[in-house]
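Encoded as structure tokens, the structure appears first; notes follow it.
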2 protein chains.
Amino acid sequence: MQSQTAVNDALVNTIKTLSIDAIQRANSGHPGMPMGMADVAAVLWADFLCVDPSEPGFADRDRFVLSGGHGSMLLYSLLHLSGFPLPLSEIKRFRQLGSMTPGHPEVGVTPGVETTTGPLGQGIANAVGMAMAEARLAARFNRPGFHVVDHWTYGLCGDGDLEEGISHEAASLAGHLGLGKLVFLYDDNNITIEGNTSLAFSEDIPKRFESYGWHVQRCDGHDRDAVHAAIAAARAETARPSLICCKTHIGHGSPNKHDSEKAHGSPLGVDEVRLTKENIGWPPDAHFLVPTEAVAAFDNLRARGALKRSHHEERMARYAEIHPELAAELERVLAGELPEGLEGVVAGLMAELGEKTLATRASSGKVINGLAPHVTELWGGSADLAESTKTLVDGGGSFSRTQRTGRNLHFGIREHGMAGIMNGMALHGGVIPYGATFLTFTDYMRGSMRLAALMKQRVVYVLTHDSIFLGEDGPTHQAVEHAMAMRTIPGMHVLRPADSRETAAAWLAALERADGPTCLLLTRQNLPPIPGSVDAIAGVRQGGYVVQDCEGAPELLLLGTGSEVHVCVRVAETLSAEGVAVRVVSLPSFERFEAQPQAYRDAVLPPSCGARLSVEAGRTVGWERFVGPLGESVGVDRFGESAPDKVLAEELGLTVADVTARARALLAAQPARKAALRALLDG
Amino acid sequence: MQSQTAVNDALVNTIKTLSIDAIQRANSGHPGMPMGMADVAAVLWADFLCVDPSEPGFADRDRFVLSGGHGSMLLYSLLHLSGFPLPLSEIKRFRQLGSMTPGHPEVGVTPGVETTTGPLGQGIANAVGMAMAEARLAARFNRPGFHVVDHWTYGLCGDGDLEEGISHEAASLAGHLGLGKLVFLYDDNNITIEGNTSLAFSEDIPKRFESYGWHVQRCDGHDRDAVHAAIAAARAETARPSLICCKTHIGHGSPNKHDSEKAHGSPLGVDEVRLTKENIGWPPDAHFLVPTEAVAAFDNLRARGALKRSHHEERMARYAEIHPELAAELERVLAGELPEGLEGVVAGLMAELGEKTLATRASSGKVINGLAPHVTELWGGSADLAESTKTLVDGGGSFSRTQRTGRNLHFGIREHGMAGIMNGMALHGGVIPYGATFLTFTDYMRGSMRLAALMKQRVVYVLTHDSIFLGEDGPTHQAVEHAMAMRTIPGMHVLRPADSRETAAAWLAALERADGPTCLLLTRQNLPPIPGSVDAIAGVRQGGYVVQDCEGAPELLLLGTGSEVHVCVRVAETLSAEGVAVRVVSLPSFERFEAQPQAYRDAVLPPSCGARLSVEAGRTVGWERFVGPLGESVGVDRFGESAPDKVLAEELGLTVADVTARARALLAAQPARKAALRALLDG
């Protein structure tokens, strides 16, 4: 075969030496993968990847995902050499506070980094999500002569990625969906952190991916022409995603750490850096050396990207003339802007659903269907629980190998893969993904949910069966700790609406939140409307508001979320009839409420009222900040049991009668509690 | 082939009708799988499974795992019909509060249930762990002529199990390890909750399992002789685990819901129950009918189990004569009793390590090695992070296909699989499993960790790099919310020791806890000894204790965990020199401390001292209960950053100087805070 690659030794060696120099300078990092995959990555970038370094956000660019994020210096070297705005001075600040070159790639920090990777396997799911988004947008917006969405998703992965379950889940779905424009290059080096992969990993990887329906090739990852040919063949196969197993040597070029786990996760050491440079014919005392030939090897890349962008711009201009509505819609969804008038749509849904007795999961399903025609970028499904989580868009069709316009996603029973794929969709842009399962199964997907929060991505989790009130399925399925555990993730919004109106408002709040993920916690059981939720749009946006009030200053505050707001309302009715001044506060979101000005929070929860009782069918820890030193929390601080929901309410002390008794006891105990506090103050 | 199975139609139809009757009566449950897998399960139990229903805990019994726990009525029917102590009256109480027949099988609730299943995929990992435990115990204890440990692990799984990533992880490791005594029967029915598996699942399952190194067969799951022959062939293959893909019809026997997702998760309905009975030649109006022939079909099972048990008892008696030390050791580990004198061993380790400056992960590594010769049942490893998590037993060898006595486990980069496998090991008994990864990656394995807590299993999680102080790897690897999120799981113990002595004591506490899991949170960075930790054994057992005190009543309480106890100690030194009466409390475990009598807690945290500052490099929510209304918490309520640890301490306000300033400010603010509280009390 003739050499077809633009890659020269200077480029590969510059990638290697920039990487080992930066890692040595930081005295921290992972040189093994940048050295082992320098050939492969250089070929992919120089010969195929279509990006415009002068415009990193160009919408129709190819996506590149470095799933093994520990190899970050490989990516930073590629970005620097290809001309992205990542100066050498930042490479020299690798792993330092506030640099553009953190230890693992972080989207938003470095131009050209498409996703935050490091936790293994996530990048594979992200890439699958990106390829799915590309496929849907292409189907929605391309017209004869106007391929306005047409790009590839490439990724690099290692053994660690492929051992993680999330990679199996995502790869299986990618094969099922026939994502032909997804190409992964696998760094097959037989080394993991503990040593040879033979310690724990002896899968036949090609066979495994064939079982998922992938197109699989093998090649020598240091034979650049072979890599070039394999990528070309992968692109020629358009009905299946492609895996190219690249046989490589970790730490390639290092005379003493080549093929050793010692190259994986520690700097080579000053001496070995020098020996490596000598070994590859590099000036041994030069640091951060970038020869002209290395930069020149990426001339093709720059020319290719600039050409594609100029063609794209011309094409878009003509598209806007011929298909003005489509063009405006494409522009809108790519910009991440919601359609105008959305609040009015939601207000309409609230009016329609507001007086109905429905489980909030059912309300959510109706809201999804009400939003779907307007928010065309809203796109989701469930981990095989569509019927239970009520996430199907009626008549929307299923996204499949043959129907790329399908509105409904079938993730399979793959929660972690679902959440990782949703991240990739959101990162790609042009779609707002939602994904559903039971709240308790967030345990399966926290790894990806945390990354959604870290990456500030707009994804919506529809989490139904949100408490012990799911009943008979028992403790394995009953969420107890999950609402509070989810609230501990920085940047995660957890919304637990109390009725149909709050559910519609919660969906609006989730969509309006462009800079982070939102969990919607929804009931299995039916709930009547709460009279006081008519202003739910404002109330939910603010995270908490008064849904039922007394005359004058309250003597007792009842704070609830979701289904327990109803308990609070009924308790308040009883106590009000007895002459107690009771206020009921619905607190659908801690995060939103705590972001309000103190004056608003004090208006909702007057500091003068110390008798406060929170009611939420979950762990009570975390409520202290709202109930204060004179208050108490009703909740569930144990695992549930398999029984009908009404029986469980009695067993766990969550009936209206139980909570009424707790409230009365709390009021009765106020003098004693105040006395105890006074003693502390005087002590 | 000659019919070889003891199964008759009466048995299969009784399984089906008991299941649909119980589900109909509960008006809740999953009939599809019990009906579809009745033939397969009946053959396995009648012809192969070696258990003694009169002694469900017989140590050398075969293990049976129903991974798809929603098919619980299949298991309950089998248990009832084979003679386990599960009366028909309990079958009739399916899914009711306090019954022996909860919605999903729960270990400890029903004799003969080996593990709690429901969250999909877990049972496969559990079964792998059981088979690994059997292999290790057999290698440790069997001697020529004395196969005192010799049993099989069987499981049933469905599409849902096989879609979950944890099943991929566990199955891959099982293949790698060549677990020849593990046999899974796959309910290949093409139906999941949303409908046909073609919506999301088109893997070539046999090929996939072959790629993991499994022995794979296919058969008609309703041809009982074929099922019998396949299980026999699976048992004949001893070098590889076996998967038997059984082509079945979900809801088999139901005229209208056969082969439909409608049979999966809802009762058939009164009419369809009747039609089903008519269809299979059953009295249509009989309920919970158990014909004699159905019970008789399990005569073989009962005879086989009783025979094995009597042979086992004879064998053990002779074994105890010839190998008395081995016999005593086997009896001890199977009983779950720790060796005598363990506290003395730990005290010795504390003396040896106590004055050293070590990261607590390094202390933990030395403790593991110090315990290993005594606690021979301690058995563990890491998710490919042995070097970082310090979990290798020196000279212990690796558990592998060829070395079943190996002390060190290599789980691969499979955290979820690891945790699920550990559950299986603990459930099997005879071993105490530990497994390690970075604290942040508990996000990948919470599903299994929650089940360990629910099942009250003694497993130890070694979770290192427990805060932002891991430094340069950045926010993806820095635990922030994880300690608190882990504390929300009911029954989970989270121990965060502050130095080598506390680390040794934490290991002791974890081992002593026979009825639940423990997380050990350990630092990456070095820590000096804390002078006041000499009584760490008692202090850690109690969850919190005074490590540095003042004369007289304290004016200020500093509460810390792990590495932040050191910050507290240094702050206390500064303030004490200024004349402030400061007490420092180490709180390694919230759970243990809160289980102490009020008098002890008040002695450690005197109610009279309201000026309290907690310091923990993680989320502050959850500390309110300890710092009270006049106190404050120093922590990390945001994601970390990639930078050296000392730089991060400054950036995040966690230096000694920062905390000293916070403590001074807190003291200075006391009058104002008290005044505000007084106003509230008087308001």
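Of all residues in the stretch B:644-661, how many are over 14 Å from B:E472 (Cβ atoms), in contact with a Lys or Arg (Cβ under 9 Å, 6 or more places away or on another chain) and not aliphatic (A, V, I, L, M)?
3
Considering only helices (runs of 4 or more DSSP H) fully contained in the stretch B:550-642, which possess at least 3 residues that are closer than 26 Å to B:A504 by Cα?
Answer list for the stretch B:550-642: B:563-577, B:590-594, B:598-604.
What about A:H477, is it modelled with pLDDT of 95 or more, open to solvent by 10 Å² or more (accessible area, probe 1.4 Å) and either among the polar types (S, T, N, Q) or outside any helix (DSSP H, G or I) (or both)?
yes
Hey, can you tell me all the residues within the stretch B:242-256 that are more than 30 Å from A:Q403 (Cβ to Cβ) and within 13 Å of chain A (Cβ to nearest Cβ)?
Result: B:L243, single match.
Could you grab me the full set of residues in the stretch A:266-288 that are acidic (D, E), surrounded by fewer than 16 Cβ atoms within 10 Å (Cβ to Cβ) and assigned to a helix (DSSP H, G or I)?
A:D271, A:E278
Output the residue which, of all residues in the stretch A:535-549 that are assigned to a helix (DSSP H, G or I) and either open to solvent by 10 Å² or more (accessible area, probe 1.4 Å) or in contact with a Leu (Cβ under 6 Å, 6 or more places away or on another chain) (or both), is modelled with the lowest pLDDT.
Going through the qualifying residues, I end up with A:D535.
Within the stretch A:373-395, which residues are buried (at least 18 other Cβ atoms within 10 Å of the Cβ), of a type outside the set (S, T, Y) and in a loop (DSSP other than H, G, I, E, B)?
A:V375, A:E377, A:A383, A:D384, A:L385, A:K390, A:L392, A:V393
Report yes if some residue within the stretch A:574-581 is open to solvent by 10 Å² or more (accessible area, probe 1.4 Å) and under 29 Å from A:T464 (Cα atoms); otherwise report no.
no
Here is a list of conditions, (1) over 23 Å from B:E632 (Cβ atoms); (2) open to solvent by 20 Å² or more (accessible area, probe 1.4 Å), and A:A599 meets all of them except one; can you say which number that is?
(1) is the only condition that A:A599 fails.
Which residue, of B:R570, B:R592, is outside the structural domain of B:M492 (by TED's automatic domain parsing) and within 28 Å of B:G491 (Cα to Cα)?
Going through B:R570, B:R592 in turn, just one is outside the structural domain of B:M492 (by TED's automatic domain parsing) and within 28 Å of B:G491 (Cα to Cα): B:R592.
Does B:R61 satisfy the condition of being touching a Lys or Arg at 6+ places or on another chain (Cβ under 9 Å) and part of a helix (DSSP H, G or I)?
Judged against the criteria, B:R61 is not a match.
Working carefully through the options A:L78, A:L120, find the one that is within 14 Å of chain B (Cβ to nearest Cβ) and under 28 Å from A:S167 (Cα atoms).
A:L120
Tell me yes or no: at least one residue of the stretch B:410-422 is of a type in the set (A, V, I, L, M, F, W, C) and at the interface with chain A (Cβ under 9 Å from one of its Cβ atoms).
Yes, the stretch B:410-422 contains a residue that is of a type in the set (A, V, I, L, M, F, W, C) and at the interface with chain A (Cβ under 9 Å from one of its Cβ atoms).
Name the one entry in A:G516, A:G532, A:G491 that is touching a residue at least 12 places away in the same chain (Cβ under 8 Å), surrounded by fewer than 24 Cβ atoms within 10 Å (Cβ to Cβ) and part of a helix (DSSP H, G or I).
The match here is A:G532.
Return a yes/no flag: does the stretch A:295-311 have any residue that is under 23 Å from A:P31 (Cα atoms) and of a type in the set (A, V, I, L, M).
yes
Just give me the residues in the stretch A:452-473 being within 10 Å of chain B (Cβ to nearest Cβ), hydrophobic (A, V, I, L, M, F, W, C) and in contact with a Gly (Cβ under 6 Å, 6 or more places away or on another chain), in sequence order.
Of everything in the stretch A:452-473, just one residue is within 10 Å of chain B (Cβ to nearest Cβ), hydrophobic (A, V, I, L, M, F, W, C) and in contact with a Gly (Cβ under 6 Å, 6 or more places away or on another chain), namely A:A453.
Residue by residue, here is whether (1) in contact (Cβ under 8 Å) with a residue 24 or more places away in the chain; (2) buried (at least 17 other Cβ atoms within 10 Å of the Cβ); (3) of a type outside the set (D, E); (4) under 30 Å from A:H566 (Cα atoms) holds:
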position: A:V290; (1), (2), (3), (4): yes, yes, yes, no
position: A:E293; (1), (2), (3), (4): yes, no, no, no
position: A:A297; (1), (2), (3), (4): yes, yes, yes, no
position: A:G305; (1), (2), (3), (4): yes, yes, yes, no
position: A:K308; (1), (2), (3), (4): yes, yes, yes, no
position: A:L330; (1), (2), (3), (4): yes, yes, yes, no
position: A:L338; (1), (2), (3), (4): yes, yes, yes, no
position: A:E352; (1), (2), (3), (4): no, no, no, yes
position: A:V367; (1), (2), (3), (4): yes, yes, yes, yes
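Does the stretch A:47-59 contain at least one residue that is free of Cβ contacts under 8 Å to residues at least 60 places away in the same chain and open to solvent by 10 Å² or more (accessible area, probe 1.4 Å)?
Yes, there is a match, as at least one residue in the stretch A:47-59 is free of Cβ contacts under 8 Å to residues at least 60 places away in the same chain and open to solvent by 10 Å² or more (accessible area, probe 1.4 Å).
Just need a number here: residues in the stretch A:262-302 that are out of contact with any helix residue (DSSP H, G or I) (no Cβ under 8 Å at 6 or more places or on another chain) and either outside the structural domain of A:T17 (by TED's automatic domain parsing) or over 30 Å from A:R61 (Cα atoms) (or both).
Residues meeting the conditions: 8.
For the stretch A:256-265, does any single residue satisfy the condition of being on the phi < 0 side of the Ramachandran plot, surrounded by fewer than 15 Cβ atoms within 10 Å (Cβ to Cβ) and without any contact (Cβ under 8 Å) to a residue 24 or more places away in the chain?
no
Among the residues of the stretch B:438-451, is there at least one that is on the phi < 0 side of the Ramachandran plot, within 14 Å of chain A (Cβ to nearest Cβ), in a strand (DSSP E or B) and touching a strand residue (DSSP E or B) at 6+ places or on another chain (Cβ under 7 Å)?
yes
Looking only at strands (runs of 3 or more DSSP E) that fall completely inside the stretch A:151-226, which ones have 3 or more residues that are polar (S, T, N, Q) and within 14 Å of another protein chain (Cβ to nearest Cβ)?
Hits in the stretch A:151-226: none.
When you scan the stretch A:97-127, how many residues do you find that are under 14 Å from the mean Cα position of the chain (by Cα), farther than 15 Å from A:M445 by Cα and hydrophobic (A, V, I, L, M, F, W, C)?
Residues in the stretch A:97-127 being under 14 Å from the mean Cα position of the chain (by Cα), farther than 15 Å from A:M445 by Cα and hydrophobic (A, V, I, L, M, F, W, C): 2 in total.
With A:A46, A:A133 as the choices, which residue is over 24 Å from A:K16 (Cα atoms) and outside the structural domain of A:G430 (by TED's automatic domain parsing)?
Within the list A:A46, A:A133, the selection yields A:A133.
If I ask for residues that are of a type in the set (V, I, T) and under 31 Å from the mean Cα position of the chain (by Cα), which ones from the stretch A:208-247 would you list?
A:V216, A:I231, A:T238, A:I244
Out of B:L79, B:L74, report the one residue that is over 25 Å from A:F441 (Cβ atoms), at pLDDT 95 or above, open to solvent by less than 10 Å² (accessible area, probe 1.4 Å) and not in a loop (DSSP other than H, G, I, E, B).
Among B:L79, B:L74, only B:L79 is over 25 Å from A:F441 (Cβ atoms), at pLDDT 95 or above, open to solvent by less than 10 Å² (accessible area, probe 1.4 Å) and not in a loop (DSSP other than H, G, I, E, B).
What are the residue pairs meeting all of these: first residue in the stretch A:609-631, first residue within 11 Å of chain B (Cβ to nearest Cβ) and open to solvent by 30 Å² or more (accessible area, probe 1.4 Å), second residue part of a helix (DSSP H, G or I) and not aliphatic (A, V, I, L, M), Cβ atoms under 8 Å, and 6 or more apart or on different chains?
If the second residue must be part of a helix (DSSP H, G or I) and not aliphatic (A, V, I, L, M), the pairs left are A:E624/B:E624; A:E624/B:R625; A:R625/B:E624; A:P629/A:R673.
The values are calculated or read from the model by the stated rules, or taken from the named source; none is laboratory data. Quick caveat: nothing in here was measured; it's all calculated off a predicted structure. Cβ sites come from the backbone with ideal geometry, for glycine too, and all protein chains shown count toward neighbours. Just so you know, the surface numbers come from the protein's heavy atoms only, side chains and all, with ligands and any DNA or RNA stripped out. Shrake-Rupley method; radii C 1.70, N 1.55, O 1.52, S 1.80 Å.
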